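The values are calculated or read from the model by the stated rules, or taken from the named source; none is laboratory data. This structure is a prediction, so every number in the text was calculated from the model and none was measured. As a convention, Cβ positions derive from the backbone with ideal geometry for all residues, glycine included, and neighbour counts pool all protein chains shown.
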């Protein structure tokens, strides 16, 4: 009996295709995993950068400081009175130009001379540093077009929270000329241009511009009161503070309670004197009325 032999031919192309498909599937899986990991890393990096930018922006907003400039018409004694009576313990720095502090150091000028001052206040809870104040004042006699100029350049290394800087708009020559022109009714203009540059704790450099024009010492026109620019990532200069007067040093040795009651007594005496003067002025009129009635 003859045996039947079955010979099965091997399909090498099927095996090759199977192996190739397995390799392609593995490669596709590896590529998909690598791509997914790469995209995940990109997304994580983008999220990290986004959170870092938001955090920096929050810090900038929390440390952002806008100064408040305002004009003040008074003499220095009245300003010291305000500090004493209101118990204002915040530091108040008085700056001047090249003419110095004669208007403050001399008692007669400090008590009687009423000047226009610029008050720069930091009303926020954050400190500011590297403050530079450049000012230019031009007094113009409109009848003769004669001009008198006065400029100041002051710097402070620090202005803490709720502290103030004070400076005059005009020097002594301009002040006396203004009084003379007011007396003679001469038309005149006082142009005051002030640029304040300072840094915040968020490493921002802020340029603030304040410009006013005072016509005939009565009408005030504000021409500019705004931030010019804000620069980020400022390294800082840390320059020394210019010569100034700390007004808190002037009033630190004064007994506030005694000073207050002394002021009250002085006002009472002044009120009684005014009442007596009014009485003396009206007395002749009353006598004349009585005589008229009798007649």
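Might you check whether a residue that is under 15 Å from the mean Cα position of the chain (by Cα), touching a residue at least 40 places away in the same chain (Cβ under 8 Å) and surrounded by fewer than 17 Cβ atoms within 10 Å (Cβ to Cβ) occurs anywhere in the range 247-258?
No, the range 247-258 has no match at all.
Considering only the range 65-83, state which residues are in contact with a helix residue (DSSP H, G or I) (Cβ under 6 Å, 6 or more places away or on another chain) and surrounded by fewer than 17 Cβ atoms within 10 Å (Cβ to Cβ).
Within the range 65-83, just 77 meets the criteria.
Within the range 109-123, count every residue that is over 16 Å from residue 174 (Cα atoms) and buried (at least 17 other Cβ atoms within 10 Å of the Cβ).
4
Give the residue, chosen from 147, 213, that is in contact with a strand residue (DSSP E or B) (Cβ under 7 Å, 6 or more places away or on another chain) and either surrounded by 18 or more Cβ atoms within 10 Å (Cβ to Cβ) or touching a residue at least 24 places away in the same chain (Cβ under 8 Å) (or both).
Of the residues listed, the single one that is in contact with a strand residue (DSSP E or B) (Cβ under 7 Å, 6 or more places away or on another chain) and either surrounded by 18 or more Cβ atoms within 10 Å (Cβ to Cβ) or touching a residue at least 24 places away in the same chain (Cβ under 8 Å) (or both) is 213.
Which number in (1) out of contact with any strand residue (DSSP E or B) (no Cβ under 7 Å at 6 or more places or on another chain); (2) at pLDDT 85 or above; (3) within 25 Å of residue 78 (Cβ to Cβ) marks the one condition that residue 203 misses?
Exception for residue 203: condition (3).
With the requirement that a residue be within 21 Å of residue 72 (Cβ to Cβ) and either in contact (Cβ under 8 Å) with a residue 60 or more places away in the chain or outside any strand (DSSP E or B) (or both), what does the range 174-189 give you?
174, 175, 176, 177, 178, 179, 182
Answer with yes or no whether residue 225 is surrounded by fewer than 18 Cβ atoms within 10 Å (Cβ to Cβ) and in contact with a helix residue (DSSP H, G or I) (Cβ under 6 Å, 6 or more places away or on another chain).
For residue 225, the condition - surrounded by fewer than 18 Cβ atoms within 10 Å (Cβ to Cβ) and in contact with a helix residue (DSSP H, G or I) (Cβ under 6 Å, 6 or more places away or on another chain) - is not met.
Considering only residues that are outside any loop (DSSP other than H, G, I, E, B) and in contact with a helix residue (DSSP H, G or I) (Cβ under 9 Å, 6 or more places away or on another chain), look in the range 232-259 and name the one that is farthest from residue 107 (Cα to Cα).
Across the range 232-259, the extreme among qualifying residues is 256.
Do you know which of the residues in the range 60-112 that are farther than 23 Å from residue 153 by Cα and in a loop (DSSP other than H, G, I, E, B) is modelled with the highest pLDDT?
Across the range 60-112, the extreme among qualifying residues is 90.
Listed here are the residues, each with its yes/no results for (1) at pLDDT 95 or above; (2) within 26 Å of the chain's Cα centre (by Cα); (3) within 30 Å of residue 66 (Cα to Cα).
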{"position": "133", "(1), (2), (3)": "yes, yes, yes"}
{"position": "159", "(1), (2), (3)": "no, yes, yes"}
{"position": "187", "(1), (2), (3)": "yes, no, no"}
{"position": "196", "(1), (2), (3)": "yes, yes, yes"}
